[in-house]
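Here the structure comes first, spelled out in structure tokens, and everything after it is commentary.
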Amino acid sequence: MRYFIELSYNGKAYHGWQIQPNAISVQEVLEKSLSTLLKEPIATMGAGRTDAGVHAKQLFAHFNTEVTFDIEKIIYKLNSFLPEDIAIKNIFKVKADAHTRFHALSREYLYRIALEKSPFNTEQAFLLKAKLDIDKLKEATRILLDYKDFQCFSKSNTDVKTYNCDIMKAEWQLVENELHFTIKADRFLRNMVRAIVGTLINIGIGKVEVEMLHDIIKSKNRSEAGFSVPAHALYLTKIEYPETIKQNID
């Protein structure tokens, strides 16, 4: 049987989602807990990898098991067993070929920028002391929707077949004393969101002109784009799947 497991986590204590040889990861902690409770070795496949320090409000992973279990009870036991910074929201049976990574229709990220110092969001948002031109930010953000190839925002030496991503939404919103950047696409390259935000900040503070974003994207060169903003303010917020994968296979 194949199951999807929906979870959320605070990434501060972890070296990202994916298992690392010499560092603790969310995947490793989850697999150990599942293996202990189901009394057999459990391997998971995540919908994607988040970098060290990045959070997930919603992430899905799938796993296979022949063990029969009560879903509500296993969710309860997992949440009791796991550390406080990882929470299980749901587990559901899917078709045998359902894949959390390949069947995802879209992924959505949020980046939080604090516009003033606050003792309550130092670990949740990136404090930016420079003044931002919101109109320039929004104008530059609209340019992103005109392109597909985002190699300029990708981490170097990344093993991917294509740098094309279909950005469906990219927008800024003022939320109390924070500026929130939301971006939705079918897929993301490594470090892509953080590099986009850093580049847009450079435009917002007047370091780079809005129209130069065209040249940056066309260059396909990471060194032409802006800095990579800190990981602690980035959140994977939503992953969408076709309803057909959720059909029971009884």
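The values are calculated or read from the model by the stated rules, or taken from the named source; none is laboratory data. Remember, predicted model here, so these are calculated numbers, not experimental data. Please note: Cβ atoms are built from the backbone with ideal geometry, for glycine as well, and neighbour counts cover all protein chains shown. For the accessible areas, the whole protein counts, side chains as well, though only heavy atoms, and no ligand, DNA or RNA atoms are used. Shrake-Rupley method; radii C 1.70, N 1.55, O 1.52, S 1.80 Å.
To keep it simple, each residue is scored yes or no on (1) among the basic types (Lys, Arg); (2) under 20 Å from GLU84 (Cα atoms); (3) in contact (Cβ under 8 Å) with a residue 40 or more places away in the chain; (4) in contact with a strand residue (DSSP E or B) (Cβ under 6 Å, 6 or more places away or on another chain).
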position	(1), (2), (3), (4)
GLU6	no, yes, yes, yes
ASN10	no, yes, yes, yes
SER25	no, yes, no, no
VAL29	no, yes, yes, no
LEU38	no, no, no, no
PRO41	no, no, no, no
ALA47	no, no, yes, yes
ASP51	no, yes, yes, no
VAL54	no, yes, yes, yes
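Can you tell me which residue in segment 94-105 is nearest to THR237 (Cα to Cα), limited to those that are open to solvent by less than 40 Å² (accessible area, probe 1.4 Å) and out of contact with any Asp or Glu (no Cβ under 8 Å at 6 or more places or on another chain)?
This residue is THR100.
Table: residues versus (1) open to solvent by 60 Å² or more (accessible area, probe 1.4 Å); (2) in contact with a helix residue (DSSP H, G or I) (Cβ under 9 Å, 6 or more places away or on another chain).
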{"residue": "MET1", "(1), (2)": "yes, no"}
{"residue": "LEU7", "(1), (2)": "no, yes"}
{"residue": "ASN10", "(1), (2)": "yes, no"}
{"residue": "GLN20", "(1), (2)": "yes, yes"}
{"residue": "LEU34", "(1), (2)": "no, yes"}
{"residue": "LEU38", "(1), (2)": "no, yes"}
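One residue alone among HIS214, HIS232 is in contact (Cβ under 8 Å) with a residue 60 or more places away in the chain, more than 22 Å from ILE134 (Cβ to Cβ) and of a type outside the set (Lys, Arg), and that residue is HIS232.
Specify the residue that is farthest from ALA170 (Cα to Cα); the eligible residues are those in segment 106-123 that are of a type in the set (A, V, I, L, M, F, W, C) and either open to solvent by less than 30 Å² (accessible area, probe 1.4 Å) or in a helix (DSSP H, G or I) (or both).
Ranking the qualifying residues of segment 106-123, first place goes to ALA114.
When the helices (runs of 4 or more DSSP H) confined to segment 124-239 are screened for residues that are of a type in the set (Gly, Ala, Ser) and surrounded by 21 or more Cβ atoms within 10 Å (Cβ to Cβ), those reaching at least 2 such residues are found at 192-204.
So that you can scan it fast, the table gives a plain yes or no per residue for (1) at pLDDT 95 or above; (2) in contact with a Pro (Cβ under 9 Å, 6 or more places away or on another chain):
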{"residue": "TYR3", "(1), (2)": "yes, no"}
{"residue": "GLU6", "(1), (2)": "yes, no"}
{"residue": "ASN22", "(1), (2)": "no, no"}
{"residue": "GLN27", "(1), (2)": "yes, no"}
{"residue": "SER35", "(1), (2)": "yes, yes"}
{"residue": "PRO41", "(1), (2)": "yes, no"}
{"residue": "MET45", "(1), (2)": "yes, no"}
{"residue": "ALA52", "(1), (2)": "no, no"}
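Of all the criteria given as (1) assigned to a loop (DSSP other than H, G, I, E, B); (2) open to solvent by 50 Å² or more (accessible area, probe 1.4 Å); (3) modelled with pLDDT of 95 or more, the one not satisfied by LYS57 is (1).
Quick check on segment 56-97: of everything there that is touching a Phe, Trp or Tyr at 6+ places or on another chain (Cβ under 8 Å) and without any contact (Cβ under 8 Å) to a residue 60 or more places away in the chain, which residue is farthest from PRO41 (Cα to Cα)? Among those that are touching a Phe, Trp or Tyr at 6+ places or on another chain (Cβ under 8 Å) and without any contact (Cβ under 8 Å) to a residue 60 or more places away in the chain, it is ILE71.
Suppose we keep only residues that are among the hydrophobic types (A, V, I, L, M, F, W, C) and not in a loop (DSSP other than H, G, I, E, B) within segment 63-87. Which one would you say is most open to solvent (accessible area, probe 1.4 Å)?
Residue satisfying both the conditions and the ranking: PHE81.
Within segment 210-241, the set of residues being at pLDDT below 95 and under 30 Å from ASP97 (Cβ atoms) is empty.
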